[in-house]
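The next block holds one structure in the form of structure tokens; read it before the comments.
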Amino acid sequence: MRTQVAIIGSGPSGLLLGQILSGAGIANVVVDRTRRDHILARVRAGVLEQGTVRVLDQAGLGARLHNEGLIHDGFSLAFDERDHRIDLAGLTGGKHVTVYGQTEITRDLLDARETDGMLSLYDVEDVVPHDFDGERPYVTLIHDGKPLRIDCDFIAGCDGFHGASRRAVPPSAMTCYERIYPFGWLGLLAEVPPVSHELIYANHARGFALCSMRSLSRSRYYVQVPAGEKVEAWSDQRFWDELRARLPRHHAEKVTTGPSFEKSIAPLRSFVAEPMRFGRLFLVGDAAHIVPPTGAKGLNLAVGDVHYLSEGLCEHYREGSEAGLEAYSARALSRVWKAVRFSWWMTTLLHRFPEAGAFETKIQLAELDYLTHSRAAASMLAENYVGLSY
Ligand SMILES: Cc1cc2nc3c(=O)[nH]c(=O)nc-3n(C[C@H](O)[C@H](O)[C@H](O)COP(=O)(O)OP(=O)(O)OC[C@H]3O[C@@H](n4cnc5c(N)ncnc54)[C@H](O)[C@@H]3O)c2cc1C
């Protein structure tokens with residue numbers, strides 16, 4: 001089989017890249033080791049920057065997003081039995097974020113790909129990118145029990161943190177930076193109205209908590225748990241009790257509880273692999289970088305990467321210019337590191353670290369208090385939260 005761009009991974013990065021390339025008349029094939037129904041069952045990100053919404057709009061994916069997405073122009077920081085609203089719109093000249101689940105974006109992308117008749121291969125095994133340092137790269141895999149080779153001009157490694165693309169790069173060609181946090185997020189999804197129409201980020205002596213939502217009738221809540229915690233140890237009742245214990249009383253009293261229909265633990269990690277281009281192989285999204293979800297940046301960074309790479313590929317096929325492809329890694333990494341810094345800062349500000357003593361706790365509370373009194377400090381938070389421009 002031959003195509004122009006072989007895309008490994010059918011998450012938001014791979015599907016969005018495929019959608020933009022197809023729109024520009026560039027042939028592509030998406031391959032994924034997972035089944036389609038499993039991809040649609042994954043519950044992950046939900047806060048979209050304006051730049052992300054613009055890229056999705058340009059790719060023709062805005063209809064349901066604008067119909068069902070919730071516009072948020074602020075959120076609350078809760079600590080010390082009080083909460084303070086960060087006025088995103090007021091601090092950034094009218095900018096906001098949109099709450100629309102990653103599951104919904106993935107559904108929209110899969111539907112669009114199928115409507116356009118673009119080829120995707122699911123449930124494949126042993127995906128390996130080859131010869132990307134030469135002129136004729138190709139991908140091998142097992143599909144329906146038979147070996148398949150996809151010859152291509154370029155390979156896009158959109159296969160997440162545990163994928164095959166980054167692993168195919170010789171370690172000597174890559175530098176990795178990593179911080180693993182000593183805790184994770186236990187998340188619960190329930191068909192109950194959210195406690196507030198805006199997100200609440202809570203710093204509490206018992207640990208961090210986040211109140212978020214997927215819609216006006218579906219809530220997504222998180223509590224910080226120690227690394228290695230088992231989800232089986234958390235009944236719904238235990239989760240609801242712990243969530244309420246970490247919120248200021250006026251919020252805790254208003255939490256509507258109900259049976260969960262998804263509960264999982266996500267470990268927290270910061271990770272960056274540099275560079276993001278190796279000859280004709282490009283790493284995109286989680287394949288190249290991971291951020292803790294505190295700043296709501298993982299999905300948004302993936303969309304930023306796709307934006308830069310699709311520009312470079314379109315330029316290559318339209319004008320024969322290599323400039324965009326040559327600039328891809330530096331442009332993406334410049335944005336990535338700012339989001340890595342912001343996500344690390346939000347995580348450090350809001351979580352209780354096991355090794356932290358009374359001094360560190362006082363510093364956290366002083367910084368939170370500073371954010372409530374200084375417009376300059378709050379503006380830094382708001383500007384990063386709504387997303388740096390690209
Ligand atoms: C549990 C969890 C919760 C999260 N919560 C948030 C959040 O609240 N906010 C936020 O901003 N971000 C969050 N994220 C991060 C966000 O979901 C990711 O940044 C986003 O999914 C990145 O998209 P991607 O397409 O690059 O990678 P992925 O979504 O990981 O997609 C990669 C795809 O590649 C496929 N694949 C993997 N290995 C192979 C292989 N060897 N061969 C072929 N295919 C392969 C996978 O099946 C998958 O479909 C969360 C992530 C996780 C795991």
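The values are calculated or read from the model by the stated rules, or taken from the named source; none is laboratory data. None of these values were measured; they are calculated from a predicted model. As a convention, Cβ positions derive from the backbone with ideal geometry for all residues, glycine included, and neighbour counts pool all protein chains shown. Heads up: the accessible areas ignore ligands, DNA and RNA and are worked out on the full protein's heavy atoms, side chains in. Shrake-Rupley method; radii C 1.70, N 1.55, O 1.52, S 1.80 Å.
Under 5 Å between amide hydrogens, built in the peptide plane, is the criterion, and for residue 44 it picks out 102, 103 among residues at least 5 positions away or on other chains.
The fraction of accessible area contributed by carbon and sulfur in region 1-41 is 50 percent, rounded to a whole number (1.4 Å probe; ligands and nucleic acids excluded). Taking a point 7 angstrom from the Cα of residue 87 along the C-beta vector, which residues in region 344-384 have backbone N less than 20 Å away? Inside the label zone: 368-384. Charged side chains reduced to their Cβ positions (Lys and Arg at +1, Asp and Glu at -1) give the chain a dipole of some 620 debye around its Cα centre. Normalised per residue, the accessible area of the chain is 42 Å², obtained with a 1.4 Å probe and no contribution from ligands, DNA or RNA.
Per atom type, region 47-139 shows carbon and sulfur on 43% of its accessible surface, probed at 1.4 Å.
Where does helix 358-373 land angle-wise versus the long Cα axis of the chain, in degrees 0 to 90, nearest 10? Once rounded, the angle reads 80 degrees. When the charge dipole of region 69-113 is built from unit charges on Cβ atoms (+1 for Lys and Arg, -1 for Asp and Glu) and taken about the Cα centre, the candidate among 86, 100, 72 whose Cα reaches farthest toward its positive end is 100. Sequence-ordered 3J(HN,Hα) estimates for region 213-228 from the Karplus curve with 6.51, -1.76 and 1.60 and θ = phi - 60° stand at 8, 10, 7, 6, 10, 10, 9, 10, 10, 9, 10, 5, 10, x, 4, x Hz, glycine and proline given as x. Here r is the Cβ-Cβ distance between residue 379 and residue 327 and R0 is 25 Å; the resulting FRET efficiency, rounded to 0.05, is 0.25.
In this structure, the residue pairs whose Cα-Cα separation is over 28 Å, taken from 263/362; 338/362; 95/297; 230/297; 95/362, are 263/362; 95/362.
The Cα atoms of region 76-139 give a gyration tensor whose axes a ≥ b ≥ c have a/c of 1.5 or more with a/b greater than b/c, which makes the shape prolate. Our note on the geometry: Cα centres of region 292-320 and region 110-183, 16 Å apart. Entry note, the chain: the mean residue ellipticity at 222 nm calculated from DSSP H runs of n ≥ 4, each adding -39500 (n - 2.57), is -11500 deg cm²/dmol after division by the residues and rounding to the nearest 500. A Förster radius of 30 Å, combined with the Cβ-Cβ distance separating residue 315 from residue 2, puts the computed FRET efficiency at roughly 0.85. Which residue, 370, 302, 344, has the largest displacement toward the positive end of the dipole of the chain when charges sit on each Cβ (Lys, Arg +1; Asp, Glu -1)? The listed residue farthest towards the positive side: 370.
Packing, as the average of other Cβ atoms within 10 Å across residues, places the peptides 347-354, 129-136 in the order 347-354, 129-136, highest first.
Set the Förster distance to 45 Å, then compute FRET efficiency between residue 363 and residue 140 from the Cβ-Cβ distance, nearest 0.05. Step by step, r from the Cβ atoms, then E = 0.30. On region 142-258, 52 percent of the accessible area sits on carbon and sulfur atoms, based on a 1.4 Å probe.
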